[in-house]
1. Report the antiparallel proportion of the DSSP beta bridges in the chain as a percent, rounded to a multiple of 5.
2. With an 8 Å cut-off on Cα pairs and a minimum separation of 6 or more residues, tell me the relative contact order of region 394-548 in percent.
3. Hey, how many Å between the Cα centroid of region 88-108 and the Cα centroid of region 482-548?
4. When the dipole is taken about the Cα centre of the chain, and only Lys, Arg (+1) and Asp, Glu (-1) are charged at their Cβ, what size is it in debye, to the nearest 20?
5. Answer with a single label: of (i) 25.0; (ii) 27.7; (iii) 24.4, which was calculated as Kirkwood radius over Cα pairs in Å from the structure in view?
6. What 222 nm value per residue comes from the helices of the chain, counting each DSSP H run with n ≥ 4 as -39,500 (n - 2.57) and dividing by all residues, nearest 500 deg cm²/dmol?
7. For 67, 179, what ranking results if the residue with the fewest other Cβ atoms within 10 Å of its Cβ goes first?
8. Net charge around residue 19, counting only other residues with Cβ within less than 15 Å of its Cβ (Lys, Arg = +1; Asp, Glu = -1)?
Amino acid sequence: MRADDGTVLAGRLWFPEQGPGPWPVLLMRQPYGRAIASTVTYAHPSWYADRGFLVVVQDVRGCGDSEGQFGGFRQEAVDGAAAVRWARRLPQGNGRVGSYGFSYQGLTQLVMAAGGDPSPTGLDDPLPDCLAPAMAGLDERLHWASADGAHWWSLGLAWALQLAAAACRRRGDDAGWWEIRRSLESGRFLEEGPALLARHDPDGMGGQWFGLDPARPRDWRIHPVAPALLRRPLLLIGGWHDPHLGGVLDLWQRAQQAGGHPELLIGAWTHLQWRGGCDERQLAFFRRHLQGAEAPLAPAPEGPRAGGPLDQPAPVSPDPVLLQDLRSGHWRPWSPGTRPATPGWCLESQGLAAVRSLEGRLLAAAGQGVVVLVHDPWRPVPGRGGHLGLDAGLVERGDIDGRADVACFSTEPLQTPLALLGRPWLEIEVEADQPGFDLCAALAVVSADGNRVSQLCTGVLRRRGEQCRQRQGLRLDFQPLAASLTPGERLRLSLAGAAWPQIAVNPGDGNLPRTAPGPGHRVITLQLHLAGAWLGLAPLLEQGAGAH
C-alpha cells in the first residue's frame, strides 16, 4: 500500500478458499511483524479467511518491511485512514471493512480520521464499518504508561525495550539487539532499562513517557477520536488483569455519550493470556455487520465447560455486555448502571495490623486506630501479579502479607456468598515523615483454612511534595474486578509502601524515581489513620455517563 506521502507499507493477505469472492475485509495494523498476526491472543488469520473474510495484516510505518521511520502512535491516524480506503478498493474485496487487534493494534483502529466526523462515504470512507479494538485506550498517561502518579516500571520498560530491539534489528545493530535481549531475560533491565533506552532508542515513544511526569496531565497526549467512529458497531474487549482495562471502559463511556451502542467483553485475562479467547464471539460480530449473517446465538452458559474453570471462551450470545468471573470462570451478562450490592467496609486496628495479618479488621461499623508502616528501600515490598506485573493474574500473596511492613485488614469468615463487581476504592488519611511516599494496595481472598491468600486486584498511588508530611485524605483506586467469594472465606485489604518492580520505589525526597532503588532512597514512615477510612465499590459502568 502506498501511503498518502508515498511511503510504501507492506502487508500480507489471506484469502478464502471457497469461491471467487468478493469478500469483506478484516484489517489489522501492527508494529511487530505481520507474520505474527497477533496469534499470541487470536486465532490465525487463516481461520477467519476460511470463514469468508479477506484478512489483511499490515506492518505499520517503519516496522517490519514497511518503509519510513517509526513514530509511534502519532503516525497512525493518517496511515490508518489511508489503509481503510485502500482495503475498500482491494479487487477481491466487496468494499466492506472491519478492523481488529489488541494493544498497539487496538489503538491503530481508534485514531483513524481522528478530530471530527469524516464526510466521505463509500470507498472514500476512512473509518471501518465495524471494529473490535481490544486492550487499548486513548490517554497515553492513564491507559498506557502510569497509574495515579507512578510510571508502570517493569511493564513500561519491557515494552519500550521490545520496540528498541526491533529498531536495532531494522538498522542491523545485532549487538544492540542482543544487549537488550540478555537484559530482559536476566531481569537486569529493571536497573539497566533507562540507560539502554537512552543508548538504543533515545527518541522512542516508550522512553519519552519515562521523561514525563505522571502528575502533570497537561504534558501528556490524549488521542482524539472521531465521534462517527464511536457510533460505528464496536466490540470492545478487555481483561481484568490487563493494564489497559481503564482505556476500554473509557471507550465504552465515550461511545455511549456519542450515541453508539458498544458491545463489551471482559475476560479473566491478562494482556497476553486470553484463556479460551473470544474468536467465536468476534467472528459472529463481523458476520453480523459485514456479511449480514446472523450467527447462531445462545445465552451465556451458567457453568464452566470442559477444561479449567478459567479456560472458557467468550460465549456467542446476544448479550451486549458479558463479564467473566475471575475466580469461577463463569460468563454472565450484565446491565450497565447496576449498582454494587456490597456497600463497603470500615477499617479497624489496635496498631498491630502489620504485625499480625488477622489483627486488622474490615467492618460494617465505624473503624478506628492508627497503623504505622516503615518502608525500607533496601527490602521494598514486592508487587506481584495483578494487572501491572510481568507475572500478571491471580497469584498467592500469603508470604507478602506476612511481612511486618504490610498492613492487613480482613473481614470475618463470610456467612453467605459475596459477589464483588465494580471499581474498588479506598479513602484513608495518611501522614509521612518524608516529602514523598507511595501507597500500594491489594484485595485478596483468604481461604477458609487460612492457608491460601489469592490476590484479586491491586491499586497504587504516588504522592510527592512537602504536603506529604501533613495528614491528608487520599483516595486510591483499584483495578476493576468481578469475583465471587464463598462462605468461610475472608476478604482482605493489604497496604504497603512499595510494589517493586511494578512501580519504581519512591525515593522519598519529593522527586520522581528515575532508577531502581539506590543509596539515595530514604526510609519512609507512614501513619495510616483509620477513623473515617472506607473501602468501597463503585459501579463498573454508568449507563449514559460521559467519558472521564
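1. Values: 68 of 97 bridges.
Percentage antiparallel, nearest 5: 70.
2. The value is 35 percent.
3. 39 Å
4. Details: 51 positive and 56 negative charges, 72 e Å.
The calculated dipole for the chain is roughly 340 debye.
5. (iii)
6. -5500 deg cm²/dmol
7. Placing the least packed residue first, the sequence is 67, 179.
8. Residues close to residue 19 contribute a combined charge of -1.
Every number in this text was worked out from the coordinates using simple rules, so none of it is lab data. For clarity, every value in this text was computed on a predicted model and none was experimentally measured. Cβ: placed from backbone, ideal geometry, glycine included. Neighbour counts: every protein chain shown.
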